[in-house]
Amino acid sequence: MRTMIHYPEPTGCTMRFLTPFLLIALLVAQPLQAQDALSTDRPDFTDSPITVGQGTLQVEAGLSHQATGNASLLTTGEGLVRYGLRPGFELRVGIPSLISGDGVDGGLSDMSIGIKWTIARLDGGTDIGLVASTTVPTGSDDF
């Protein structure tokens with residue numbers, strides 16, 4: 001028995017959307033280069049002590065869902081932009097997240113700004129870092 005899968009032909013609307021997207025992707029894409037191992041801070045409950053490399057721009061995002069009994073909370077976005085100012089030192093900008101859930105008014109969280117400093121990378125895989133940040137009151141009043 002042979003199964004045939006039919007894929008619909010792209011419509012004009014689809015092509016009008018895909019063409020600019022593909023052109024932008026080609027213009028933005030850079031040649032592959034060797035880089036350090038990727039160390040992310042999103043989504044999670046702790047931050048890595050490792051910074052991004054000097055001159056490196058890293059954009060991270062995530063999604064968190066918490067549930068207790070019948071109540072739940074969804075945080076979407078959790079954006080973090082990291083830029084390596086010099087070896088072992090980075091600037092961090094937290095992008096507001098959309099918060100929604102049962103029994104809470106939805107809205108945006110505050111923006112944050114901060115730094116991360118890798119203090120030491122010790123033998124045996126132990127790393128020590130410092131993260132300092134503050135929020136900027138840009139979100140909804142509830143948050």
Scan around residue 72 for amide H atoms under 5 Å from its own, H built in the peptide plane at 1.01 Å from N, and keep only partners 5 or more places away or cross-chain. 102
May I have the pair-distance distribution P(r) for region 48-96, computed from all Cα-Cα distances with 5 Å bins from 0 and rounded to whole percent? 5, 20, 21, 16, 13, 9, 7, 6, 2, 1
Based only on the alpha carbon positions, what is the Kirkwood hydrodynamic radius of region 97-143, in angstrom? 13.3 Å
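Read-outs: derived from the displayed coordinates by stated rules, not from any lab. Because the structure is a prediction, the values reported are computed rather than measured.
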